[in-house]
1. Could you grab me the full set of residues in the stretch 56-115 that are in a helix (DSSP H, G or I), small (Gly, Ala, Ser) and closer than 24 Å to GLU132 by Cα?
2. Of all residues in the stretch 1-44, which are assigned to a helix (DSSP H, G or I) and of a type outside the set (Ser, Thr, Tyr)?
3. Find the residue count for the stretch 45-55, including only residues that are under 12 Å from the mean Cα position of the chain (by Cα), of a type in the set (A, V, I, L, M) and assigned to a loop (DSSP other than H, G, I, E, B).
4. Among residues belonging to the stretch 214-247 that are surrounded by 21 or more Cβ atoms within 10 Å (Cβ to Cβ) and in a loop (DSSP other than H, G, I, E, B), point out the one that is nearest to the chain's Cα centre (by Cα).
5. Filter the strands (runs of 3 or more DSSP E) completely within the stretch 145-210 down to those with at least 2 residues that are over 24 Å from PHE253 (Cβ atoms), touching a residue at least 60 places away in the same chain (Cβ under 8 Å) and under 20 Å from the mean Cα position of the chain (by Cα).
6. Of the residues ALA103, ALA99, only one is more than 19 Å from GLY266 (Cβ to Cβ), modelled with pLDDT under 95 and aliphatic (A, V, I, L, M); which?
7. State all residues of the stretch 25-42 that are in contact with a strand residue (DSSP E or B) (Cβ under 6 Å, 6 or more places away or on another chain) and touching a residue at least 60 places away in the same chain (Cβ under 8 Å); if no residue qualifies, say none.
8. Name the residue, out of GLY86, GLY110, GLY94, that is of a type outside the set (A, V, I, L, M, F, W, C), out of contact with any Asp or Glu (no Cβ under 8 Å at 6 or more places or on another chain) and surrounded by 12 or more Cβ atoms within 10 Å (Cβ to Cβ).
Amino acid sequence: MQIKFYGVRGSIPTPGADTQRYGGNTPCVLLTSQNGQQLILDSGTGIRLLGQELMAGTEELVLLLSHNHWDHIQGFPFFAPAYQPGRQIRIIPGHTLKAEHDAILKQMSGEFFPVAPEQLPSLIRITPIAEEQWQLGDFYIQRCPLNHPGSGSAYRITADGQALAYVTDNELFPPEQVLTSRTQWLDFVAGVDLLIHDGQYLEADMPYKLGWGHSLVSQAVVLAKEAQVKKLVIFSHDPARTDLQLDELAQQFSGQQPEVLMAREGMEIWC
């Protein structure tokens, strides 16, 4: 299974000189199985460049969403295959506390966007899935609730005999409602080949940002160690985190087990 990162920034796009190397686009990750089947995780602004690459194909595209906060859906109005006549696009929404399965299309309604969703020439299907685990072509998917305002879904995805966990926008130690305990997280990500986990905050951000629905980098690292994860990618970088600061974080955790990487646009990992 190949994993490629198209957007790694949390909350809001951050173009500029200080974010060029790691990237300023909001979340989007592409999974590709050995058979060539693809699965898109989230639709932040990173999906715009991915869409340009996908225009050469004709196969159905499947988009798996974690939740409906704007930084995870805001790229869809600029997703080129959505304007491809007859192109089939299937959208599987995450489990949020308030069920708004079509939020990704609603953002294009009214005066919010010049092209209304019903004007798109592609064939878009929104297919909520009630089960907590299911097979999707080459991908076996398991779901777990996020500790995040409004919640959402984390995913454990297995293909080609390898397992990946995608846990973005998750607070490991929320001060109020706990939808998934730390013990449950340890079970959910146990032994995965690759853990992509929220690491938006540092100790200096607390206690001001406690309860905002994100984890400390150090908390994600400890989780990965205790769950015997093989490799950890810190994801959903804070909008204020510069390339140099991310370099410093990478250096801080260099040489540890498991290997810790800072997510970067264009980065490809095979697992």
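The values are calculated or read from the model by the stated rules, or taken from the named source; none is laboratory data. Not measured: the values here are computed from a predicted model. Neighbour counts run over all protein chains shown; Cβ positions are idealised from the backbone, glycine included.
1. Within the stretch 56-115, just ALA103 meets the criteria.
2. Within the stretch 1-44, ALA17, ASP18 meet the criteria.
3. Matching residues across the stretch 45-55 total 0.
4. SER236
5. In the stretch 145-210, the matching strands (runs of 3 or more DSSP E) lie at 153-159.
6. ALA99
7. Answer for the stretch 25-42, where residues must be in contact with a strand residue (DSSP E or B) (Cβ under 6 Å, 6 or more places away or on another chain) and touching a residue at least 60 places away in the same chain (Cβ under 8 Å): ASN25, PRO27, VAL29, LEU31, SER33, LEU39, LEU41, ASP42.
8. None of the other options fit; the residue is GLY94.
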